[in-house]
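Heads up, the thing below is written out as structure tokens.
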Amino acid sequence: MADALKDVYSTTFLTQLGTAISEHDSSFDVSKFVQDTVNAQWSSLKLMERRDQITKSLHNQLPGDFKQAVELLCNISTTITGFAALCLPNYVAMYGLDDWQTSMTALGILTQSSSAEFAIRPFLVKYPEQTIEQMIEWSHSQNIDQRRLASEGIRPRLPWGIRLTQFVDDPTPIFPILKTLIHDQSQYVQKSVANNLNDISKDHPQSVINFCQTHWHDSETTNWIINRGLRTLFKSGNPDVLSLLGYSQHDAALLTNVSLTASSKTTTLNQTSVFNYQLTNVTNTDLPLYLGYRVHYVKKNQQTSAKDFFIKRVNLKSQQILDGQFKLAWKQLTTRTLYAGNHHIELLVNTVPTATTDINLSIS
């Protein structure tokens, strides 16, 4: 089993963080900071709970003046970087809500060494209009991290973040930011724009479709973002999305001799199943096909939960037979627990199940 993500907050990291602060503030007691943080509940705390615990322990020793405290944190942000450094912008979120301007300046700096995507959200709730204006300004920044923050921080359904219900209800203020960033040349930013569109599509599909139709074929970059941003609507078989991306569910019914076979009908944990598929285009026209497969994973209660996977895109010529293969590894993940039972596998053509097989997984 992979190490838990929360373990990025280790005593080694805490010591590194405390030492970096003490180099700028000699009154900061590193040992006390570590002891205050790693309390009796530490081992049971989840990732973001550990982040908050660190932030509270920092507050116990940092200067009482917020401006002085965040100046110190900004000074160490070139040393304390990466995912674990989320605790630094979190300090701004927890203790800076009454000082908007200082907080915005600090988050614009701190996001460059970690990410302020979670920390910006309380400000969007308390100061929606002026914080949106700040996000728009960041969307035009020369700094890649600030541009990414402009999109990632305002995602309505950001995992682990506060749900921004005002944008779940009405995403209109987000689109000017996405309009700017959909042409961004950084994949770091592009992925965020796509994820933001995907978030919005879950509540306002037509708004996202309209936006994507406007920018489809602007460039290869915009097409990549749109393909990724429409993934939930595509998987659901939304006809407007399929049509925009050049696919039709009706084409799946035009194929013949469609089959899906497994190398074995049984498997065990940590083994890999091999699947072979075949299909034939007997029509007189080429068919654009998006191939995938769906696994109906068995849950603890023996119900199932479906997960879709991509295989390939292909323009299948008239009278052509397509043979292919894909593999499925049966491994326990931090994001998915496998349970014994019969797993149903479907071959998807333009999101339509066209052939099926079953794998019985045993856990021993």
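Per-structure values
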| item | result |
| --- | --- |
| Residue-by-residue Karplus 3J(HN,Hα) for the range 352-361, coefficients 6.51, -1.76, 1.60, Hz, glycine and proline x | 9, x, 10, 7, 9, 7, 10, 10, 9, 9 |
| Dipole magnitude of the chain about its Cα centre (Cβ charges: Lys, Arg +1; Asp, Glu -1), debye to nearest 20 | 1340 |
| Beta bridges per DSSP with both ends in the chain, % antiparallel, nearest 5 | 95 |
| Cα centroid separation, the range 203-261 to the range 296-321 (Å) | 16 |
| Charge-dipole axis of the chain as Lys and Arg at +1 and Asp and Glu at -1 on Cβ define it, positive-most pick from THR165, GLN185, SER201 | SER201 |
| Zone residues, the range 166-187, relative to LYS235, backbone N less than 19 Å from point 7 Å out along Cα-to-Cβ | none |
| Total charge dipole magnitude, the range 1-121, about the Cα centre, Cβ charges on Lys, Arg, Asp, Glu only, Debye to nearest 20 | 260 |
| Derived scalar couplings ³J(HN,Hα) [the range 151-157; Karplus, 6.51 cos²θ - 1.76 cosθ + 1.60; whole Hz; x for Gly, Pro] | 8, 5, x, 9, 4, x, 10 |
| Tilt relative to the chain, helix 220-229 - C-alpha long axis, 0 to 90 degrees, to 10 | 90 |
| Additional length obtainable on full extension of the chain from GLN101 to THR335, 0.36 nm per residue less Cα span | 80.4 nm |
| Rounded to 10°, Cα long-axis angle of helix 100-110 versus longest principal axis of the chain | 60 |
| The range 259-364, accessible surface, carbon-and-sulfur percent (1.4 angstrom probe) | 47 |
| Which of THR351, THR19 is most accessible, then next, and so on - probe 1.4 Å | THR19, THR351 |
| Heavy atoms of ILE162 accessible to a 1.4 Å probe, total area in Å² rounded to 10 | 80 |
| VAL92 accessible area, assembled protein chains, probe 1.4 Å, Å² | 0 |
| Under-5 Å amide H pairs with ASP29, H placed in peptide plane, nonlocal only | none |
| Accessible area in square angstrom per residue, the chain, 1.4 angstrom probe | 47 |
| Residue-wise HN-Hα coupling along the range 63-79, computed from phi with Karplus coefficients 6.51, -1.76, 1.60 (Hz; x: Gly, Pro) | x, x, 6, 4, 4, 5, 5, 6, 4, 5, 5, 5, 5, 8, 5, 7, 9 |
| CD proxy at 222 nm, helix term only [per DSSP H run n ≥ 4: -39500 (n - 2.57); per residue of the chain; nearest 500] | -12000 deg cm²/dmol |
| Solvent accessible area, Å² - SER27, 1.4 Å probe, full protein context | 80 |
| At R0 = 45 Å, FRET efficiency that the Cβ-Cβ distance of ASP323 and THR11 yields, to 0.05 | 0.25 |
| Dipole axis of the chain (+1 Lys, Arg; -1 Asp, Glu on Cβ), positive-most option in GLN35, LEU45, MET104 | LEU45 |
| Under 5 Å, built H, 5+ apart or other chain: amide partners of THR266 | ASN360 |
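The values are calculated or read from the model by the stated rules, or taken from the named source; none is laboratory data. Keep in mind it's a predicted model, so treat the numbers as computed, not measured. For neighbour counting, all protein chains shown are included, and Cβ atoms are generated from backbone atoms with ideal geometry for every residue, glycine included. Areas reflect the complete protein model, heavy atoms only, side chains present, ligands, DNA and RNA absent. Shrake-Rupley method; radii C 1.70, N 1.55, O 1.52, S 1.80 Å.
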